[in-house]
Amino acid sequence: MEFNRIGVVGAGTMGNGISQALAASGFEVVMTDVAQAQIDRGLAAISGGCDRLVKREKMTAADKAAALGRIRTSTELSALRDCDLLIEAATENLELKLKLFRQLDELLPEHAVLASNTSSISITRLAAVTKRADRVVGMHFFNPVAMMALVELIRGLQTSDPSYAAVEALARRIGKSPVSVRNSPGFVVNRVLCPMINEAIFALGEGLASAREIDEEMKLGANHPMGPLALADLIGLDVELAVMQVLYEGFKDPKYRPAPLLVEMVEAGYLGRKSGRGFHRYDQ
């Protein structure tokens with residue numbers, strides 16, 4: 001199974017990072033989003049990401065120009081009609097993803113593989129709304145995509161061996177380290193990581209220490225490169241909340257209950273770095 005042209009749905013942080021990694025590795029990419037403004041921001045992020053690699057001498061200026069030349073964009077899903085692989089990187093919302101998978105299943109050629117960058121949602125459930133359940137797989141990248149080597153590859157109950165093998169080979173070709181993970185709420189990394197972040201938010205809400213102090217303690221006491229609240233800001237508090245809700249609903253275990261302060265922060269629109277304010281301020 002060969003992938004020549006790859007579609008990416010979503011030009012946000014994950015979508016543009018995935019598009020950059022694919023284009024830099026020689027693939028033709030079609031990146032879509034519902035709004036042209038979001039696409040423009042995505043292309044600017046890709047250009048900036050390439051500039052950082054050029055500065056670090058991991059890419060030449062010619063390589064950057066070639067990578068950008070391999071990326072087509074559109075606000076219409078119909079632009080994805082001739083893709084061999086589609087990587088969905090839309091907002092972490094079950095109903096939105098189910099709707100997209102139904103639409104993409106009707107649109108893509110019969111041989112195409114559908115992959116989701118979901119960080120927590122069941123691949124089996126996404127596959128079930130398509131007529132190509134054997135060609136649906138989870139492909140969970142990590143932020144920032146250009147720097148993080150891990151890709152969690154998740155088989156749905158229906159995923160075929162050839163589909164999985166083809167996506168695994170692709171991940172290796174773009175320089176990533178794929179790890180096979182069984183389909184389960186939150187998979188592995190987020191099942192371990194997000195409850196830790198959630199507990200840090202509980203500690204902040206209970207007034208045990210300030211956000212800066214909690215982060216400093218985890219850096220100095222646990223040797224973490226970044227504190228859990230700063231990491232939540234980087235991930236996006238809306239994404240953290242979505243993962244905790246999936247874990248809570250999936251396991252029905254109160255240990256996964258989202259911290260009330262996390263819910264309130266999202267309600268206030270304090271989503272972290274992307275909104276300029278989360279547990280720390282980024283707009284000053």
Just need the relative contact order of the range 191-275 here, percent rounded to a whole number, with Cα pairs under 8 Å and 6+ apart.
33
Most exposed first, judged by fewest Cβ atoms within 10 angstrom, THR159, THR118, THR124 run THR124, THR159, THR118
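What is the packing order of peptides 24-35, 251-262, taking the mean over residues of other C-beta atoms within 10 Å and listing the highest first? Could the numbers behind the result be given before it?
Numbers: 24-35: 19.6, 251-262: 14.7.
Put in order of decreasing packing, that is 24-35, 251-262.
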Rounded to 5, percent antiparallel among DSSP beta bridges of the chain
20
Applied in sequence order to the range 217-231, the curve 6.51 cos²θ - 1.76 cosθ + 1.60 (Karplus, θ = phi - 60°) yields integer Hz couplings, x standing for Gly and Pro, of 4, 6, 6, 7, x, 10, 6, 7, x, 9, x, x, 6, 5, 5
Using the Cα atoms of the chain to build a convex hull, what is its mean projected area in square nanometres?
14.9
Taking 2.2 N^0.38 Å as the expected size of a compact globular protein, what ratio does the Cα radius of gyration of the range 1-99 give against it, to two decimals?
1.06
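Taking only C-alpha pairs under 8 Å that are 6+ residues apart, what is the relative contact order of the range 1-95 in percent? It would help to have the intermediate numbers written out before the result.
Numbers: 157 pairs, mean separation 40.8, N = 95.
This gives 43 percent for the range 1-95.
If each residue of separation counts as 0.36 nm, what is the full-extension length gain between ASN143 and ASP283 once their alpha-carbon separation is subtracted? Before the final figure, lay out the partial values.
Values: separation 140, 0.36 × 140 = 50.40 nm, distance 2.08 nm.
Result: 48.3 nm gained on full extension.
Looking at this model, which pairs from LYS176/LYS255; LYS58/LYS176; LYS64/LYS99; LYS64/LYS274; LYS219/LYS252; LYS252/LYS274 are more than 23 angstrom apart at the alpha-carbon? All intermediate terms of the calculation are to be shown ahead of the outcome.
Details: LYS176/LYS255 32 Å; LYS58/LYS176 15 Å; LYS64/LYS99 34 Å; LYS64/LYS274 25 Å; LYS219/LYS252 31 Å; LYS252/LYS274 31 Å.
LYS176/LYS255; LYS64/LYS99; LYS64/LYS274; LYS219/LYS252; LYS252/LYS274, as the Cα separations exceed 23 Å there.
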To the nearest whole percent, what portion of all C-alpha pairs in the range 153-224 is separated by more than 20 angstrom?
53
So, with points 7 Å from each Cα along the Cβ direction, the ARG212-SER25 label distance in nm works out to 4.1
How far apart, in nm, are two points set 7 Å out from the Cα along the Cα-to-Cβ line at GLN103 and at ASP161?
3.6
Radius, Kirkwood style, for the range 191-275 when every pair of distinct Cα atoms is counted (Å)
12.8
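What does the helix-only formula give at 222 nm for the chain: each DSSP H stretch with n ≥ 4 adding -39500 (n - 2.57), the total divided by the residues, and the result rounded to the nearest 500 deg cm²/dmol?
Numbers: 11 runs with 135 residues, N = 284.
Value at 222 nm, helices only: -15000 deg cm²/dmol.
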How far apart, in nm, are two points set 7 Å out from the Cα along the Cα-to-Cβ line at ALA222 and at VAL129?
3.4
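For LYS255 and VAL34, compute 0.36 nm times the residue count separating them, minus their Cα-Cα distance, and round to one decimal in nm. Present the calculation step by step, with values, prior to reporting the outcome.
On the way: separation 221, 0.36 × 221 = 79.56 nm, distance 3.62 nm.
My answer for the length gained is 75.9 nm.
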What percent do you get for the relative contact order of the range 5-182 when only Cα pairs under 8 Å and 6+ apart count?
20
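Laboratory data are not the source of any read-out in this text; all were calculated from the coordinates shown. What you are looking at is a predicted structure, and each value in this text was computed from that prediction instead of being measured. FYI the Cβ positions are ideal-geometry reconstructions off the backbone, even for glycines, and counts take in every protein chain you see.
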